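See below for the structure under consideration.
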Amino acid sequence: MAEETILESTERTSGREALRKNVQAAIALAGAVRSTLGPKGLDKLLVDDSGQTLVTNDGVTVLESAKVEHPVAKMIISASSTQDRVARDGTTSTVVICAEMLRNAWQLVRQGIHPATIARGYALAESFAISALDELSIDATREQIHAAIETSLAGKLDQSMGKHLANLALDAGEIIVNEGRADPTMVKVIKQTGGSMNQTALITGLALAKSKIHPEMNERGGPGSILLLDGGIERRKTQLDTKLNITSAGMIDAFRKSESKSLLSQVENLVEIGCDLLVCKEGIDEEARQSLSNNGILTYRRVEKKDLDLLSRACGANLVPDAGRAGKGDLGAFIKTREELRGGINNWILDAEDGGATLIVRGSTDGILDEVERCFADGLGVACQLLEDPVLLPGAGATQVALARRLRRHAESVPGREQMAIEAWADALESIPRALAGNAGYDGIDSLLKLTAAQNSGGDSIGLDLLTGEPNDTIKRGVLEPLNITRQAISGATEAAISILRIDDVLWAQMDAQIPDGVQEQLQGFGAE
Ligand code: ADP
Ligand code: MG
């Protein structure tokens, strides 16, 4: 596009007007996901361009699939994606809090307070709140870790399935935790259609839907050494354009013989270095197969690269390109190898020192398998964080209200206009208990007032019971959240809000910025002066 056309089709919005539009966009975005917040949140049916449908209760999934063009909306979506990546949960809360911070900031701007002052006040409030989180946090027992995983899965699956997946996620986390670190990528997931999702199960070790290549060999064994081959033991494939210049009748025969010698010498090398188990990416030719079997080397072929990588980490083995040149140092160790039939599918299972675990997901449709896989990944993310750092905060809005109460007291000691910004920030945190109550069918403001009063006499761990709408103790009920998630949600929301407050000039393309469907009406009447 020529430069002129770009300038003609854009309009410069500056200062207050830019902020107003940006706040509108943030509120519209939060409107699209607020109703999914909490265990009583509603599901959203997403339909993409090709007509594929997805039912989800997950804020970040809704936002990432919405076709949003607005630059500010994109900033908030990216804060939510960061939350998903870093903390695996708390994505909806991040968006809801951020939008509320901007809404409250806009009210202050209308009263004549400069956005830079608000940004300063917000930063003060954030650092005060982050240090106050330590006073609210509790050291978790195993039972409480389990409860926190269940809390994070609440509303995504039915309750019994949520409990089942929370068990599996915690078991998986405990299998892979190593010297205080738990890396969720050590858990492999296999999806197998058929059966019901309650049959989803965890296996210690790495499972692959594979069978050994020698029917005559016993598949059980170990401990032993394993070699991983980033290739196969096969005859060289003649390229289409290769011409063998045959000059005598014996030549083809000689060529075949030399190829077969090379295959057998590769197997000889494996015997020499002491390989018991061979796993390769490509194929094994018949002669090599025979020889492997005669030498008692159990073999699996056509194993995907990503599984070879997992095996390499699990067994401490190198991935070598050529069986003929593999050395003793390339071998890894395994503890036990076996095969097991589950739901009609044969799985090869390998136990090793850092062998990880495998989740076998069962379900009647691909949609269910995907949803269970997503929920398990979220649960596992939470489990791993908590095994590394077992610190929890009260959920159900308790922490947000406890912080807001402290902040309001703290604000009194802050001279200057930042005081008002700190109060506005505290109000924004309370959008969480208000939305939780609202989504459960209670009045948001009444519930918040009841909750604040109940904390005043009963302490910081009082949150909302969404079955009755009444305040009660979240620690007793086990509605708990990892410190990491709540802290990241608060910081992420504040950082996004502050950077949006600092934008005072935006170039708007005339092709008006798009806002997710169905929330346009929320814009009407907002901020109209
Ligand atoms: P997010 O994407 O922010 O994690 P969720 O839809 O998962 O959004 O909702 C999380 C919120 O729901 C948290 O504030 C959490 O404390 C609250 N919550 C979860 N389970 C319960 C429960 N049983 N009672 C009350 N609040 C709950
Ligand atoms: Mg959640």
**OP:** Identify all residues within the stretch 329-367 that are of a type in the set (A, V, I, L, M) and within 20 Å of LEU165 (Cβ to Cβ); write none if there are none.
**Re:** ALA357, LEU359, ILE360, VAL361
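Being at pLDDT 90 or above and either surrounded by 14 or more Cβ atoms within 10 Å (Cβ to Cβ) or not acidic (Asp, Glu) (or both) narrows it down to one of LEU168, LEU206, so name that one. Lay out the reasoning, then the answer.
On the way: LEU206 fails: at pLDDT 90 or above.
Of LEU168, LEU206, the one residue that is at pLDDT 90 or above and either surrounded by 14 or more Cβ atoms within 10 Å (Cβ to Cβ) or not acidic (Asp, Glu) (or both) is LEU168.
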**OP:** Just need a number here: residues in the stretch 152-176 that are out of contact with any Asp or Glu (no Cβ under 8 Å at 6 or more places or on another chain) and either more than 30 Å from LEU42 (Cβ to Cβ) or of a type outside the set (S, T, N, Q) (or both).
**Re:** 14
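Scanning the stretch 1-51 for residues that are in a strand (DSSP E or B) and among the β-branched types (Val, Ile, Thr), which turns out modelled with the lowest pLDDT? So that I can check it myself, show each step before the final result.
Keep residues of the stretch 1-51 that are in a strand (DSSP E or B), which gives 10-14, 44-47.
Now drop any that are not among the β-branched types (Val, Ile, Thr), which leaves 10, 13, 47.
Details: THR10: 54, THR13: 59, VAL47: 67.
Only one residue fits best here, namely THR10.
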Subject >> ILE190, sole failed condition from (1) in a strand (DSSP E or B); (2) modelled with pLDDT under 85 >> reply: (2)
**OP:** Consider ASP171 carefully, then state whether it is of a type in the set (D, E, K, R), away from ligand 1 (no atom under 12 Å from the Cβ) and in contact with a strand residue (DSSP E or B) (Cβ under 6 Å, 6 or more places away or on another chain).
**Re:** yes
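Take GLY379 and tell me if it is modelled with pLDDT under 95 and either away from ligand 1 (no atom under 16 Å from the Cβ) or out of contact with any helix residue (DSSP H, G or I) (no Cβ under 9 Å at 6 or more places or on another chain) (or both). Let's see the steps before the verdict.
On the way: modelled with pLDDT under 95: yes; either away from ligand 1 (no atom under 16 Å from the Cβ) or out of contact with any helix residue (DSSP H, G or I) (no Cβ under 9 Å at 6 or more places or on another chain) (or both): no.
So GLY379 does not fit the description; no.
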Subject >> Among the candidates GLY121, GLY112, residue that is part of a helix (DSSP H, G or I) and away from ligand 2 (no atom under 16 Å from the Cβ) >> reply: GLY121
Original post:
So VAL95 fits all but one of (1) at pLDDT 70 or above; (2) more than 20 Å from ASN439 (Cβ to Cβ); (3) surrounded by 14 or more Cβ atoms within 10 Å (Cβ to Cβ); what number is the exception?
Top reply: (2)
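Please verify whether the stretch 91-108 includes one or more residues that are away from ligand 2 (no atom under 14 Å from the Cβ) and closer than 30 Å to GLN199 by Cα. Working first, answer last.
Of all residues in the stretch 91-108, those away from ligand 2 (no atom under 14 Å from the Cβ) come to 98-108.
Now drop any that are not closer than 30 Å to GLN199 by Cα, which leaves none.
No: zero hits.
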**OP:** Could you tell me whether ALA132 is surrounded by 19 or more Cβ atoms within 10 Å (Cβ to Cβ) and within 23 Å of GLN400 (Cβ to Cβ)?
**Re:** no
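Does ILE145 qualify as being of a type in the set (Val, Ile, Thr), away from ligand 1 (no atom under 16 Å from the Cβ) and surrounded by 15 or more Cβ atoms within 10 Å (Cβ to Cβ)?
On the way: of a type in the set (Val, Ile, Thr): yes; away from ligand 1 (no atom under 16 Å from the Cβ): no; surrounded by 15 or more Cβ atoms within 10 Å (Cβ to Cβ): yes.
No: the conditions fail for ILE145.
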Original post:
Only one of (1) farther than 13 Å from GLU423 by Cα; (2) assigned to a helix (DSSP H, G or I); (3) at pLDDT below 95 is not met by GLN107, so which one is it?
Top reply: (1)
**OP:** For the stretch 447-465, name all the residues that are away from ligand 2 (no atom under 16 Å from the Cβ) and under 27 Å from ALA497 (Cβ atoms).
**Re:** SER447, LEU448, LEU449, LEU451, THR452, GLN455, ASP460
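Regarding the stretch 108-129, can at least one residue be identified that is of a type outside the set (S, T, N, Q), within 16 Å of ligand 1 (Cβ to nearest atom), more than 24 Å from the chain's Cα centre (by Cα) and within 30 Å of LEU387 (Cβ to Cβ)?
Yes, that holds for at least one residue.
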**OP:** Working only within the stretch 466-496, note down all residues that are at pLDDT below 95, buried (at least 21 other Cβ atoms within 10 Å of the Cβ) and away from ligand 2 (no atom under 16 Å from the Cβ).
**Re:** ALA496
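Based on this model, can you work out whether ALA79 counts as of a type outside the set (Phe, Trp, Tyr), in contact with a Pro (Cβ under 9 Å, 6 or more places away or on another chain) and in a helix (DSSP H, G or I)?
Numbers: of a type outside the set (Phe, Trp, Tyr): yes; in contact with a Pro (Cβ under 9 Å, 6 or more places away or on another chain): no; in a helix (DSSP H, G or I): yes.
Here the answer is no, as ALA79 does not meet what is asked.
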**OP:** Test LYS191 against the criterion of being away from ligand 1 (no atom under 16 Å from the Cβ) and crowded, with 18+ Cβ neighbours inside 10 Å, and give yes or no.
**Re:** no
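The values are calculated or read from the model by the stated rules, or taken from the named source; none is laboratory data. Given the structure is predicted, the values throughout are model-derived calculations rather than measurements. All Cβ positions, glycine included, derive from the backbone under ideal geometry; neighbour counts span all protein chains shown.
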